[in-house]
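Trainee: Sharing a structure here in structure tokens format.
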Amino acid sequence: MKKFLVLMLSLILFVSSFGAKKLYVGTNAEFKPYEYLEGDKIVGFDIELMEAMGKEMGYEIKWNNMTFDGLLPALQMGKIDAVIAGMSPTAERKKAVDFSKPYLNFQTGHSVIVRINETAIVKKEDLNGKTAGVQLGTKQEELAKALGANIVRYDSFTGALLALKQSKIDAVVLDEQASAKYLKTMPEVKVADTIYDEDPGESIAVKKGNKKLIEELNSAFDKVVENGTYAKILEKYFPEKVSK
């Protein structure tokens, strides 16, 4: 009888595991505090939020860490179901994929980072004619180009910062939230100015036409806001943005 009960329990667990819904989500774990690595584990604001939303939707989240510029192509080819990576729904991106409602709605700033002894770049307009390093496929590339900078693209923004330290480029344009975390450990560089844009806040991308998943994501987001989970995650990663 005991062996029979153990067998039945194992069978139930197997069926339950086999039947669990999975959502394959792509991210780029180089963007603290949104998503980054602690050892081999992906952590960050986006990660905790997506996991909480997954529970509301009844999905097990299966993470895929890849290069930022490879995220949307992977989504379009059906290799993943969604992308959460501190990504804003720009007009150009909307041509390729669909987006959920914004999950962060505070104004986005982008830091113009220069070497500590830099005197030629003291405001964002000084990027005109200078070489600016950006992470390939990011909004910062568009913003720096609009200011007249000569763009140098890198697979990661850490690569861009290293090139700046080595005097290979004049500046790096990076999301201000991410730069605030990394610059604490980089005394060789500083923030010269900040570029602000009016695009909607960061959103979750899905394959074009996947209205069902958009509805599920939006509903799950509303639920984590209503039950207080969102506020806790926000305060953990962006305490300066939370009203006391």
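Trainee: Could we say that residue 105 is closer than 25 Å to residue 229 by Cβ, open to solvent by 70 Å² or more (accessible area, probe 1.4 Å) and modelled with pLDDT under 95 here?
Mentor: For residue 105, the condition - closer than 25 Å to residue 229 by Cβ, open to solvent by 70 Å² or more (accessible area, probe 1.4 Å) and modelled with pLDDT under 95 - is met.
Trainee: While we're looking at this one, here's another question. Restrict the check to the range 16-35 and report whether at least one residue is of a type in the set (Ser, Thr, Tyr), over 30 Å from residue 182 (Cα atoms) and modelled with pLDDT of 95 or more.
Mentor: No, the conditions are met nowhere in the range 16-35.
Trainee: To continue, here is another question. For the range 37-59, which positions are open to solvent by 80 Å² or more (accessible area, probe 1.4 Å) and either in contact (Cβ under 8 Å) with a residue 40 or more places away in the chain or part of a strand (DSSP E or B) (or both)? Give the derivation first.
Mentor: So in the range 37-59, the residues open to solvent by 80 Å² or more (accessible area, probe 1.4 Å) come out as 37-38, 40-41, 55.
Within the range 37-59, 37, 38, 41 qualify.
Trainee: Sticking with this structure for a sec: If the requirement is being within 18 Å of residue 179 (Cα to Cα) and in contact with a Leu (Cβ under 7 Å, 6 or more places away or on another chain), which of these qualifies: 122, 83, 112?
Mentor: On the way: 122 fails: in contact with a Leu (Cβ under 7 Å, 6 or more places away or on another chain); 83 fails: within 18 Å of residue 179 (Cα to Cα).
From the options 122, 83, 112, the qualifying one is 112.
Trainee: From the set of residues in the range 60-77 that are more than 15 Å from residue 204 (Cα to Cα) and among the aliphatic types (A, V, I, L, M), which is surrounded by the most Cβ atoms within 10 Å (Cβ to Cβ)?
Mentor: It comes out as 66.
Trainee: Tell me which strands (runs of 3 or more DSSP E) are completely within the range 146-244 and hold 1 or more residues being among the small types (Gly, Ala, Ser) and surrounded by fewer than 19 Cβ atoms within 10 Å (Cβ to Cβ), or say none if there are none.
Mentor: Once the strands (runs of 3 or more DSSP E) in the range 146-244 are filtered for at least 1 residues that are among the small types (Gly, Ala, Ser) and surrounded by fewer than 19 Cβ atoms within 10 Å (Cβ to Cβ), nothing remains.
Trainee: Across the range 124-145, what is the number of residues that are open to solvent by less than 50 Å² (accessible area, probe 1.4 Å), closer than 13 Å to residue 112 by Cβ and either in a helix (DSSP H, G or I) or among the β-branched types (Val, Ile, Thr) (or both)?
Mentor: 7
Trainee: Let me ask you something else. Name the residues in the range 108-123 that are open to solvent by 40 Å² or more (accessible area, probe 1.4 Å) and β-branched (Val, Ile, Thr), would you?
Mentor: Matches in the range 108-123: 116, 119, 122.
Trainee: Then there is this: Which of the residues that make up the range 60-74 are polar (S, T, N, Q) and in contact (Cβ under 8 Å) with a residue 40 or more places away in the chain?
Mentor: 64, 67
Trainee: Please specify each residue of the range 79-97 satisfying the condition of being under 20 Å from residue 66 (Cα atoms) and open to solvent by 40 Å² or more (accessible area, probe 1.4 Å).
Mentor: Across the range 79-97, the qualifying residues are 79, 81.
The values are calculated or read from the model by the stated rules, or taken from the named source; none is laboratory data. Note that the structure is a prediction, hence the values are computed from the model and not measured. Note that each Cβ is placed from the backbone with ideal geometry, even for glycine, and that neighbours are counted across all protein chains shown. Just so you know, the surface numbers come from the protein's heavy atoms only, side chains and all, with ligands and any DNA or RNA stripped out. Shrake-Rupley method; radii C 1.70, N 1.55, O 1.52, S 1.80 Å.
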